[in-house]
Amino acid sequence: MPSKATIDRVQAGKDQLQFITCGSVDDGKSTLIGRLLHDSKVIYEDQLAALARDSAKHGTTGNDVDFALLVDGLEAEREQGITIDVAYRFFTTLRRSFMVADTPGHEQYTRNMATGASNAQLAIILIDARKGVLVQTKRHSFICSLLGIRHVVLAVNKIDLVKYNKERFDRIVGDYMAFAAGLGFTSVVPIPISARYGDNVINQSDKTKWYQGPCLLDYLESIDIQSDVARQVFRFPVQWVNRPNLDFRGYAGSVASGSISAGDEIVVAASGRTTRVKRIVAQDGNLPRADAGDAVTITLEDEIDIGRGDLLARPNERPEVTDQFAAHLIWMDNDPLVAGRNYILRIGTRTGVAGSITAIKHRIDVNTREHLAARKLSLNEIGFCNVATALPVAFDPYEVNRKTGSFIVIDRFTNRTVGAGMIAFPLRRATNTATAF
Amino acid sequence: MQQSGCRVVRSCLLLRQGYRPKRKRCAKWHLTNNNSVSKKNHMLPKHLRRLEAESIEIMREVVAGFKNPVMLYSIGKDSSVMLHVAIKAFYPAKLPFPLLHVDTTWKFREMITFRDETAKRLGVELIVHVNKEGLERGINPIDSGSALHTRVMKTDALKQALDLYQFDAAFGGARRDEEKSRAKERIFSFRSAGHVWDPRNQRPELWNLFNTQLLQGETMRVFAMSNWTELDIWEYIMLEKIPVVPLYFAKQRPVVRRSGATIMVDDKRLRLQSNEMPEMRMIRFRTLGCYPLSGAIDSDATTIEDIVAEMHTATVSERQGRLIDTDEAASMEKKKWEGYF
């Protein structure tokens, strides 16, 4: 192949889609991912040979190759035949590169599902065609919705085991649509598949002639995920102050949303001080502008007090700044959340924030979405809480901005990550800062 | 071994003398007054820009959140990309951490030459560490077997070096697409005192909100290149014109067949058997390590563009050439428990 063609092909580039797969243990998630990896040819011969060996040893598919074993990485999982942690997988087609978070279906591993969902733009929710919409399906859908996923593929799997029956498929889709109406999804696309035999995964199946929609991979390649963050207002959490000598002071960080150009006016959210962007510095020269997702270093016209943890914005589009807010909280530790106890919070690049959950307003039943009274939150429970911080912090509601509306809770003694939060709204404005304009 | 622009500390020699070497930070900050506007980065396709930005964010997070980080430098293609991205991340400042190469003394000679040239060219601090005790006991990949050699000369050596310099965070270039147990690895991989990795006790990692808090004696391994694939690495090397060890390019080289793999005769230590006759073959390497453990592939790819084109049609994984992974089932997972990177 001529080298020019190779360079052109690479430079034409592609975008990336991050998605998660969720389903209960036996819905065939791992099999589906194994199938996508296999059929999009990212599994190499030596891996297939290993897979054939493993299938003979641990497989559950008789003489067939067990695709789930491609994904179930750790020894313990192979022995138990379940997935116990989040695994990240990669495959690429000519149009897109994909990063898949394979997340467990067991109830006690809700925290892993939330982890996989936190960076995903789309969720594949698997349903066993024989069983229909289950409690787990509802739980997974709710967690996806809570974590801000707006696009769902409803993969009705094992369609081969219901004899490719259209009525069965339609009934499941109907049940799911009725349930998902309140979850805020922008799109829900149902596809009948058989992960084991490959129907409607990479290729259109001739066994489901009644199905006119796209096969799974076609859909994943073509869905418009035109990232919302590009259209959002500018947010820049300062990550690190680059000060190699007295002549240079740059603010390094990744643009969380929106974009910024040299000369634009900015405000430091917490202090209210304003200045202008002087340069956007990069090794190859200065950049005219930086967009959402870019990791850059900016210099400012005026020397104002800015450090790690500060949030930069445009003066007419300021974030909230307050020391009390309401948030959804997913508890992730064996020791339950105790209201009033002190924890360490991390919000954006602001680390080591002393804070406490002052009140648990209610707990949410992940299966029914019912609000229940609660005095504590145990592992994998989700609550709606009031949070107080020792100092005012800058944020946006999570619904508006996933990057600036999320936080984690860290235990002060063990340093474990014990909770993940999504801010709903401020409870009062901070009185000691200049937020008015 | 002092060279202008970089410091190479050979800690094995210093170890024998029984004192902790002092490291001096490079004081030579490098600045630019260049006000020209760059177009180059926009030449990178979207998925590579995104991966680069993600890695930069992770690297800055480490420098902001830890006291004494280090970057593991294995001389391979992933390390080359990691180092290239790191220099971008901290520009115009110099790299705010040293590189550490754990030398088993069995690397290809061209790797060592490339390592020292790279440190000199980029003006970065390079620490080379050898497990002196293992060396004295004569541990080697041929007589001791790859498992023992890897544990003593790589895993133990790495732990020695981290303890010696008291690094609290160490960057590694491992990628999730390399191997099954890597696929479950966190970006910030927590190690309790003694460098123990427990896959059941890893911190949940949500959004980009990494938990960098450590107690005394605990450390973090940080995989800044987690989400890159082998193809991404080569495409990036091609577009960014990053120098890599020449062994990645096909050339006539002397090889023998051993244990089903094509092994390059890099020096006399390979000790040829009576039935082994070195022959010249057009070969290259997809991964580099200790030369007796690195299998070559037949290839005509003499340029980066050739390699990328070859990658697009490859049918075996890069780890196939690694003899150390096939020791036993789940061998990578076992090594990781022991503290391997």
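The values are calculated or read from the model by the stated rules, or taken from the named source; none is laboratory data. Predicted, not measured: the structure shown is a model, and the values here were computed from it. Positions of Cβ are backbone-derived with ideal geometry, glycine not excepted, and every protein chain shown enters the neighbour counts.
List of remarks:
Results for (1) touching a helix residue (DSSP H, G or I) at 6+ places or on another chain (Cβ under 9 Å); (2) closer than 26 Å to A:LEU379 by Cβ; (3) surrounded by 22 or more Cβ atoms within 10 Å (Cβ to Cβ), shown as yes or no for each residue.
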| site | (1), (2), (3) |
| --- | --- |
| A:ASP102 | yes, yes, yes |
| A:ALA117 | yes, yes, yes |
| A:ALA120 | yes, yes, yes |
| A:ALA123 | yes, yes, yes |
| A:GLY132 | yes, no, no |
| A:ASN157 | yes, no, yes |
| A:ASP170 | no, no, no |
| A:SER187 | no, no, no |
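- Just so you know, in the range A:251-269 the residues that are part of a strand (DSSP E or B) and within 15 Å of B:GLU57 (Cα to Cα) include one that is nearest to the chain's Cα centre (by Cα), and it is A:SER257.
- For B:LYS120, the requirement of being surrounded by 22 or more Cβ atoms within 10 Å (Cβ to Cβ), modelled with pLDDT of 95 or more, basic (Lys, Arg) and assigned by TED's automatic domain parsing to the domain that holds B:ARG49 is not met.
- Check on A:ILE260, at pLDDT below 95 and over 30 Å from A:ILE202 (Cα atoms): no
- With respect to the stated conditions, A:PHE425 fails to be within 12 Å of chain B (Cβ to nearest Cβ), among the aromatic types (Phe, Trp, Tyr), within 25 Å of A:PHE185 (Cα to Cα) and assigned to a strand (DSSP E or B).
- For A:LEU147, the conditions (1) crowded, with 24+ Cβ neighbours inside 10 Å; (2) more than 14 Å from chain B (Cβ to nearest Cβ); (3) hydrophobic (A, V, I, L, M, F, W, C); (4) within 18 Å of the chain's Cα centre (by Cα) all hold with the exception of (2).
- Some residue of the range B:231-243 being at pLDDT below 90 and either touching a Leu at 6+ places or on another chain (Cβ under 7 Å) or more than 30 Å from A:LEU146 (Cβ to Cβ) (or both): yes
- Restricting attention to the range B:170-206, the residues that are modelled with pLDDT of 90 or more and β-branched (Val, Ile, Thr) add up to 1.
- For the range A:162-181, a residue qualifies if it is at pLDDT below 95 and in contact with a Ser or Thr (Cβ under 9 Å, 6 or more places away or on another chain), and the qualifying residues are A:PHE179, A:ALA180.
- Qualifying position, being closer than 30 Å to A:GLY272 by Cα, modelled with pLDDT of 95 or more and in contact with a strand residue (DSSP E or B) (Cβ under 8 Å, 6 or more places away or on another chain), among A:ASN316, A:ASN386: A:ASN386
- In the range B:170-209, residue surrounded by the fewest Cβ atoms within 10 Å (Cβ to Cβ) [restricted to those that are more than 9 Å from every other protein chain (Cβ to nearest Cβ) and among the hydroxyl-bearing types (Ser, Thr, Tyr)]: B:SER192
- Total residues in the range B:123-151, condition of a type in the set (Gly, Ala, Ser) and buried (at least 21 other Cβ atoms within 10 Å of the Cβ): 2
- Annotation note: Cβ proximity below 8 Å between a residue of the range A:301-325 that is away from every other protein chain (no Cβ under 14 Å) and a residue that is assigned to a loop (DSSP other than H, G, I, E, B) and charged (D, E, K, R) (sequence gap 6+ or interchain) occurs for A:ILE304/A:ARG273; A:ASP305/A:ARG273; A:ARG314/A:ASP264; A:PRO319/A:ASP396; A:GLU320/A:ASP396; A:GLU320/A:ARG429; A:VAL321/A:ARG429; A:THR322/A:ARG429.
- Residue match in the range B:244-260 (condition: of a type in the set (Gly, Ala, Ser), out of contact with any Leu (no Cβ under 8 Å at 6 or more places or on another chain), outside the structural domain of B:MET71 (by TED's automatic domain parsing) and crowded, with 21+ Cβ neighbours inside 10 Å): yes
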